[in-house]
Every structure is written in C-alpha cells, then in structure tokens.
Amino acid sequence: MYMCQLLKIMESKSSSLSSHTSRVYDQQKNIDEILSHLGHVGYYQIQLYILCILPMFVAGMLATSFIFTTAIPEHRCSIPICERFNTNDDNHWPHSKYELFNQSFVVFTTPMKKLNQHYDDCHIFEQRNININKSPNSTIECNEDMFDNQTIKSCEHYVFNHRYFQSTIVTEFQLYCRPEFVQLIQSVYFFGVLIGTILNGILADKYGRQTIIRIYSPSTVLVFLFSIFSTNVYFYAFCLFLKGMCSAALFETSFTLSLECLGGKWRFWLGNSSNAIFTLGSIYACLCAWWLRTWKLIEISGLIPAMFLLPYPFILPESLRWEFTVGKPSHALYHIDKAARKNGVKIANETIESFLVQTKRLTKSDKPKVSIKDLFTNKSIRLYTIIFLYIWFTNALGYYGFSFLSADLNENIFISMTLLMIVEVPGVLLTSYVGGFSRKYVLMIIMMMGGGFCVVCSFMATSDWKMFFAILGKMSLAGSFSLVFVYSAEIFPTIIRITGLGVCSFASRLGAMSAPHLVELHLLGDSLPFLAIGILTLIAGSLSILMPETKDKNLPDSLENA
C-alpha cells in the first residue's frame, strides 16, 4: 500500500522549497509521527529487542573472558633440593598441588622485592656448592646454610599454585616473569575496541546498522575458533584485538538499533537495561572460568553462545529511523508497513503523504552531509562531546580497573570478580528507575557517590569492609556507565548517533587500556589505585551539571534538531 503511494507522490510536482533547516525539522516531525503510530512498544519492538539481546550478551562475555585467559597464576621458583621430588627438562614442571606450593623454605631461598615486600616469584638465591643427596628418600633437611643470600639468579623451573587456574596463556606460552608484556596483551583487546568503535560507528551511520551485524556475526565465531587454536602468543594477541572490534560492533550496533525502535519511557528503561544484559554476559564468563579453570575450555565456553549469532544476518531488520533519516523512504515505508501489521495498527494515508512530500523537497544537494568533525564544529555539540569524552574515559577506567584490582579485594579472584559483576545488575536496574526522573542530575549524583566510595575503599586494608565499599563503588560505576550510554544516544542526532557513540567509546577504550596499568600504582602506595579512580570519578560527576536534560524529549535526527 505504502509503496504505491510512494510512486504516486514522487511523480507529482513538488511545492516551492522552504529553508533547509525548516525542511529537516518538518521531516523529523513526520518521522516521529509515523513511528508514534506504531506505539512506544508493541510486538514489533519486543521482537526486535529480543533479537538484540544475544549480541549484547556476547559483547559482555568478550569483555570479561580474556581477563581470566590472560591471568598470571601465582608462581614461584622451583627449589629441587627442597621440593623432595625429581626434576626434569620441562619448564612447566612441576605442576604442583596447592598444598605443595606454599612451603616454609621460601623464606630463606627466595629474595624479597624491594618495593612491595613480597617474595620474588622469578628469582632465587644461589645454591652453595654443597654435595647433597637430592633423592626423594633423603633425610637431609633443606636449610638456609645451603643458599647464598648475597647472590640472586633467575628461575630455571617454576611451581604454580593451581588452586585457581589450571592453565592460562601465561603458562601455555611461558610468560610467567613478563607481567608488563601480559598487560600489553590485555591492552590489545581494548585497542581493538577503540578502533572498532570509530570504524564501525562510521560504517553503521553510512551503510546501516544491519550491515555491521552481517559482518561481525560470523566474524565473532571465527575469532573464537582462531583463539582456541592459537600456536603462539602473538597470534592470540591478534585474536584479542579482533575480539575487541567484535565486542564494540555487537554491543553498540544492537544497542542503538533497539533504542531507535522504542519510544516514551520504554526507550529509557529497556535501553538502560541493555547494560544489564551486557553484565549477564560478563557473569557468564566469570562462572565458566570459575568452573573450567583452563584457558582453552574458557574459549570454548564463549564459542557456544556466539554460534547462535550465525543466523543474524538473515533475521535482524534495519533501523526504521535510520532509513528515514538517510533518505531511503521506500525501504522505510516497506518495513514500517510490516511493523504496523505486526503491531496491529494502521497509519493514516495523510501522514504518509505528508512525509513523502517533505522527503521529495530534500533534494540530493540538500541532504545533510555529516562526518565526525561535526561533533566538534557546532559549539553546543562540541561542549557535550568533550564532557562525554571525559565521563566515558573515567567510567571505563574505573569499571575495568575494578576487574584488574579484584585480587586486592579477595584472595579468590573468581569470588571477587563474580560479586563485582553481580552487583552491576541492581546498579543498572536502580539507575533505570531513578533515571526516569532525570538523566542529568541522576548521572551527577551516582558518579559522585561512586567516586566517594572508591576514595573510602582506598584507605582500607584488605577486609570485608573494603570489599563492601568496593561493591558499592562498582555498583555506582555500572549504573553511571549504563546511564551515560543512553544519555549520549539521546543527545547525538540519528544522522551521526553511532559515530558520536563511537567517539565516546574511543575515549572509554583509552580509559580501559589504562586500567591494567593501575596495578603499577601499588609500587607508589597501596591506596593509590582506588584513590585515582575515586578522584577522577568525582570530577566527572561535577562536569555533568553542564549537560542538558533529555528526559521526555524526542530523539534528534539532524544536527539542527540536536
């Protein structure tokens, strides 16, 4: 029906042109009016939102699983003369049990690190030239007289604490004493997200949301397969880079697609809840790592849900709002006809005709040409963009910083990581509720609360109270992260929305890439990592006062509307 109306009206003569700004404004009014006839939420919107759940879940899983596969298990030098069992030429020897890892002889065989007063896990004291029977049946006790505490040498063999990890890429590729290199590998994932957010944002705004899903649904499955069969650490690092690109593409595209089909209170509530879905993917990764303990099995546990993405290029529809905005009315009206039938509604002919007349008036030369530079050329949008860049950077630094600092909160990394992930869900749901009253002030309050909790946490020794304040801090940061995602999408116009989100995500990935290095602040003081997160978050919360309120406002489609 709508296709016939399109052909009929496109053949008629257009009326005289008004100003470009007025035409764009009239077109958006018609877009909003057409979409409002579908209802804020109906069978079509629910079906689309459900389809978007899996990509967001997989994105959360990708963002967490590598923390476990790249973890450095607790280790120390093997002291054959004291271990009481035979050596061999395998550098992995011996794969000890937990009770064999902690031994009293470490006190006089292993030097202390100067900065943090922990035992060195890569060096031992030189053994004196004493003829001692090393057989397992030897009754000679290992003692400090056998070692020269003035001479230090590197380990030849290692003993691992397998209480938490059976194997990671660190043990697979023998990276035990290269923590800086492991941190670099972890940062490669965030670099992939950084590149992906910019590249995919531009492609999604130019070629459509559906195009990105068609590219990255099969790509995600392939990357998991490549990771499982990695033969060296450099190829695994390259796979992490690709995983970062996949995570960024899947979440941002599916999030934007679901947001653009919703209206009214549903747009905020379901949009904000998308971050809870991301969190569920992270919790899934934590539980699988806790259960499996081996890096290849952890990779396989991620491959299983990713395989359900393979049909998505054929079943996920394009964004109606994007098709309207970029000048594809024929496609938009075809799809909106199907959506209207699914929702059991009918759109008046007058509304369709009015929209098509406005579309006809936008000639090819009049259609807006936007690029990433438009985020910085308009005075107001430039201010919003710069503030968002800092807020996103800080949120990501704190959010991922908690993950890398989880060992400071509890000896069992799986317990601390799982708890820090679980508390994100109430944080996101609480933000979804209170954010319905205001975006601006809720963001400001919740970020300042999170910063305060981090500051308090920084001055506490490892205890249940430190864990308690860390949980409150992580819950606040998770809530602010989910809120700022929706808040940003409501401020950036449709024509450049994913590009805007991509630029903000670029800043957040710089923060995420910095997160692994927060651990190094321990060298200057145990309180500094959480203190740094707290101060930066307090500043970000204060800057929120400069932002506009978007509650109960229509999504802007053009730069003029924004």
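The values are calculated or read from the model by the stated rules, or taken from the named source; none is laboratory data. Everything quoted here is computed from the prediction, not taken from an experiment. Ideal geometry is used to build each Cβ from the backbone, glycine not excepted, and the neighbour counts take in all protein chains shown.
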Report task. Taking only segment 496-519 into account, find how many residues are touching a Phe, Trp or Tyr at 6+ places or on another chain (Cβ under 9 Å) and under 19 Å from I212 (Cα atoms). Result -> 9
Query raised in the report: Looking only at residues in segment 254-293 that are in contact with a Phe, Trp or Tyr (Cβ under 8 Å, 6 or more places away or on another chain) and of a type in the set (S, T, Y), which one is surrounded by the fewest Cβ atoms within 10 Å (Cβ to Cβ)?
Result: Y284
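Residue-by-condition table, conditions (1) closer than 15 Å to L419 by Cα; (2) in contact with a Leu (Cβ under 9 Å, 6 or more places away or on another chain); (3) at pLDDT 85 or above; (4) surrounded by fewer than 23 Cβ atoms within 10 Å (Cβ to Cβ):
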{"site": "M444", "(1), (2), (3), (4)": "no, yes, yes, yes"}
{"site": "M447", "(1), (2), (3), (4)": "no, yes, yes, no"}
{"site": "A461", "(1), (2), (3), (4)": "no, no, no, yes"}
{"site": "L472", "(1), (2), (3), (4)": "yes, no, yes, yes"}
{"site": "L477", "(1), (2), (3), (4)": "yes, no, yes, no"}
Report task. Among what's in segment 147-202 and is in a loop (DSSP other than H, G, I, E, B) and of a type in the set (D, E, K, R), pick the residue that is farthest from I215 (Cα to Cα). Result -> E156
Query raised in the report: Quick one: is G192 assigned by TED's automatic domain parsing to the domain that holds I491 and within 19 Å of the chain's Cα centre (by Cα)?
Result: yes
Query raised in the report: Given segment 41-129, what helices (runs of 4 or more DSSP H) lie entirely inside it while holding 3 or more residues that are of a type outside the set (A, V, I, L, M) and at pLDDT 85 or above?
Result: 43-69
**Report entry** Subset of segment 419-465 [free of Cβ contacts under 8 Å to residues at least 60 places away in the same chain and closer than 19 Å to Y400 by Cβ]
**Finding:** L419, L420, V423, G427
Report summary line: Cβ pairs under 8 Å, 6+ apart or interchain, first in segment 192-220 and on the phi > 0 side of the Ramachandran plot, second not aliphatic (A, V, I, L, M), ordered by first then second residue, are G208/E318; G208/S319; G208/W322; G208/E323
Query raised in the report: Of the residues that make up segment 238-255, is at least one farther than 19 Å from F278 by Cβ, among the small types (G, A, S) and either touching a helix residue (DSSP H, G or I) at 6+ places or on another chain (Cβ under 9 Å) or modelled with pLDDT under 90 (or both)?
Result: no
Query raised in the report: For segment 424-521, list the helices (runs of 4 or more DSSP H) that sit wholly inside it and hold at least 1 residues that are closer than 18 Å to I535 by Cβ; which are they?
Result: 440-458, 464-491, 497-514
Query - Whichever residue in segment 372-400 is outside any helix (DSSP H, G or I) and touching a residue at least 24 places away in the same chain (Cβ under 8 Å) and, among such residues, is surrounded by the most Cβ atoms within 10 Å (Cβ to Cβ) - result: I372
Report task. State all residues of segment 425-442 that are crowded, with 20+ Cβ neighbours inside 10 Å and among the small types (G, A, S); if no residue qualifies, say none. Result -> G427, S432, G435
Query raised in the report: Would you say N143 is surrounded by fewer than 16 Cβ atoms within 10 Å (Cβ to Cβ) and either modelled with pLDDT of 75 or more or in the same structural domain as F278 (by TED's automatic domain parsing) (or both)?
Result: yes
Report task. Name the helices (runs of 4 or more DSSP H) wholly inside segment 289-352 in which the number of residues that are touching a helix residue (DSSP H, G or I) at 6+ places or on another chain (Cβ under 8 Å), modelled with pLDDT of 80 or more and not basic (K, R) is 3 or more. Result -> 295-306, 312-315
